Amino acid sequence: MPASPNGSSMTERTPPDVLREAFDYRFSRLDPTAAHIDPPSVAIYEPLLVKGPDWHPYPLLTTDWTISPDGLEWRFALRPNLRFHSGSRCDASAIIAAYELLRWGLTPGDQLWYWDPVDAVSEDGPDTLAVRLHYPYARLPSLLWGTHTAVHNEAMRVQDPDAFGHAVADGTGPYRLLSWSEERIVAERWADYPSPTAPFLTAAGQPPRRIEWLAILDPSDRLAALEAGEVHSMHGPPLTEVARLAADNRFAVTEFPQQSNFYLAVNFNEEDLRFNDRRMRQALSLAIDREKLVHDVLHGHGVPSYGAVPPGDEHYDRTIDQAGRYDPKLAGTLLDELGLERGEDGVRSRDGRKLTVPCVCQEDSVLRPLAEAVRDQLAEIGVMLELEFVVPFAPFYDAVATRPPSLMSKWLWPDPIDALIGFTATRAITSDNWQNASIPSLDVAFAAWLRAGGDQLAAAASQVQKIVAEELPYIPLVTPNDVWVHVNALTGYRPFQANLYPFYQPVRLNQSS
């Protein structure tokens, strides 16, 4: 019997109106400024818009919106009498207060890059929000539907910033916080939650009275809790068990390429190791057998990745991945050209400095074996990675913020190209561009992406992916599959690729099961 996060045995089934979920990370502080956004945030906070399974925007805190003829102003009509859980008004001024923190408060001295197209956000009365742009930006919904712009009660947060997200949280979502810890979060149904209008958020019947999210880090323990009836759903089962679970009529399995990329990044400032030279990054890329990573580590539940966008995304260009290759012989030739000679111990060096490279890695049950496999493959060409595993998320981010010579991580974001700007564009070096990458052609491609109209988006997205694959500001490796499992008694639980986590508005528990 698996142990609960507090060490006791979880031998009792949950009450029939309480949904219990098993998640694969310890939980971050519960607000949109946290180091990581976890499933409970989706239940407690809401953005202005929501992205549907068709990748299109739908109203959530707004009822509708209009765009000016020149494309420079979007106006959003808010839901009438919109309230936070505390009862405070969630009007235009409250949303602006939340946005100001999310725009300016996360990167000292600069705004978060997602806001680059935005000139100003203002109110026109309490129920109308106006967003003024520097240039027409067709993808403004990608800013306003993200978890990074989920609306919180900023007036409450400033009263006690240390307590907010821990002891208290104030949002507009269907559930309100009861308790928080890194191992367990509990939220209760908010009785005053209004019925959503988006069709994929609606459902008949009574929603669960309470939701409990449990951090169970070992995949086998999460699965044991599911099969014992102690949780109703889980994320990330043991990959060797997915086929068996899919054939078990007690459960429903949802699997698709995750909106993520596991990657290796090298610090461009390490010029004596030639990490600023494209040939060096190409050699590292050519030496890694991505197909083997997928087969041996992910047991087929993933895909090799040479480009910047995961398969299944609306802007994915499959020709980029089709052009990728594994060629360790060519990798060795490139390293020879760079003057990196093998020593008697097989390790390459240049001017007396060995290519023995500290590498900070994100620690979890999937990323650790991936990192170890990459290390072993690079050793075959004389590149030695010294792996240092750091737990997600804040400790890992603190470690990579020191700009180590190399790192391995996985980004996870619902809008991949927008996320890439943050850790590969030159303008983002002071924030999340941990590898100090600066590639002018990529900066130009990002600018074209932000300014592209509807009929230009595909070409702009392809250009970004092409340059990333050629210039390798970071080295994409694999996209793992997202795997969710839930009991059939749980309905309305619909993970889909366009969003990171399932929505909780339509979730129902069949009490007779």
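The values are calculated or read from the model by the stated rules, or taken from the named source; none is laboratory data. Everything quoted here is computed from the prediction, not taken from an experiment. Backbone-built Cβ (ideal geometry, glycine too); neighbour counts: all protein chains shown.
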Residues located in the range 482-513, provided they are over 23 Å from T197 (Cβ atoms) and surrounded by fewer than 19 Cβ atoms within 10 Å (Cβ to Cβ): N488, A489, N510, Q511, S512, S513
Options R342, R350; residue that is in the same structural domain as P304 (by TED's automatic domain parsing), modelled with pLDDT under 95 and either in contact with a strand residue (DSSP E or B) (Cβ under 9 Å, 6 or more places away or on another chain) or surrounded by 16 or more Cβ atoms within 10 Å (Cβ to Cβ) (or both): R350
Test: Y114 is among the hydroxyl-bearing types (S, T, Y) and either in a helix (DSSP H, G or I) or at pLDDT below 95 (or both): yes
Members of the range 493-513 found to be touching a residue at least 60 places away in the same chain (Cβ under 8 Å), touching a Ser or Thr at 6+ places or on another chain (Cβ under 9 Å), more than 26 Å from R139 (Cα to Cα) and not aliphatic (A, V, I, L, M), listed by number: Y493, P506, R508
Residue match in the range 280-291 (condition: outside the structural domain of A469 (by TED's automatic domain parsing), within 23 Å of the chain's Cα centre (by Cα) and under 28 Å from Y25 (Cα atoms)): no
Residues being of a type in the set (A, V, I, L, M) and loosely packed, with under 15 Cβ neighbours inside 10 Å - total across the range 43-66: 0
Residues of the range 84-100 that turn out to be in contact (Cβ under 8 Å) with a residue 60 or more places away in the chain, more than 29 Å from Y493 (Cα to Cα) and part of a loop (DSSP other than H, G, I, E, B), as a count: 1
Close pairs from the range 465-487: first in contact (Cβ under 8 Å) with a residue 40 or more places away in the chain and farther than 17 Å from G302 by Cα, partner surrounded by 22 or more Cβ atoms within 10 Å (Cβ to Cβ) and among the basic types (K, R), Cβ under 6 Å, at least 6 apart: L472/R281
Subset of the range 448-474 (residues that are polar (S, T, N, Q) and under 12 Å from L420 (Cβ atoms)): Q465
Number of positions in the range 152-196 that are small (G, A, S) and farther than 16 Å from A34 by Cβ: 4
Those residues of the range 430-446 which are without any contact (Cβ under 8 Å) to a residue 40 or more places away in the chain, aliphatic (A, V, I, L, M) and buried (at least 16 other Cβ atoms within 10 Å of the Cβ), in sequence order: I439, L442, A445
Enumeration of residues in the range 123-152 that are among the small types (G, A, S) and under 18 Å from P40 (Cβ atoms): G146, A150
Selection from the range 74-125 of residues that are surrounded by 17 or more Cβ atoms within 10 Å (Cβ to Cβ) and acidic (D, E): D91, D116
Residue ID - surrounded by the most Cβ atoms within 10 Å (Cβ to Cβ), chosen from residues in the range 291-339 that are closer than 21 Å to L370 by Cβ and of a type in the set (G, A, S): A308
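So that you can scan it fast, the table gives a plain yes or no per residue for (1) closer than 20 Å to L177 by Cα; (2) among the charged types (D, E, K, R); (3) outside any loop (DSSP other than H, G, I, E, B):
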{"site": "F27", "(1), (2), (3)": "yes, no, no"}
{"site": "L30", "(1), (2), (3)": "yes, no, no"}
{"site": "A34", "(1), (2), (3)": "yes, no, no"}
{"site": "A43", "(1), (2), (3)": "yes, no, yes"}
{"site": "V50", "(1), (2), (3)": "no, no, yes"}
{"site": "D54", "(1), (2), (3)": "no, yes, no"}
{"site": "T63", "(1), (2), (3)": "no, no, yes"}
Scope the range 181-227; condition exposed (fewer than 14 other Cβ atoms within 10 Å of the Cβ), under 29 Å from W55 (Cα atoms) and among the charged types (D, E, K, R); matching residues: D192
Number of the exception - S431 against (1) within 27 Å of A138 (Cα to Cα); (2) at pLDDT 95 or above: (2)
Residue list for the range 65-83, restricted to those being in a loop (DSSP other than H, G, I, E, B), farther than 20 Å from P136 by Cα and either touching a residue at least 12 places away in the same chain (Cβ under 8 Å) or of a type in the set (K, R) (or both): R79, P80, L82
Selection within the range 427-441 - more than 26 Å from L72 (Cβ to Cβ) and in contact with a helix residue (DSSP H, G or I) (Cβ under 6 Å, 6 or more places away or on another chain): D432, N433, W434, A437, S438, I439, S441
Residues of the range 75-106 that turn out to be closer than 14 Å to D127 by Cα and of a type outside the set (A, V, I, L, M), as a count: 10
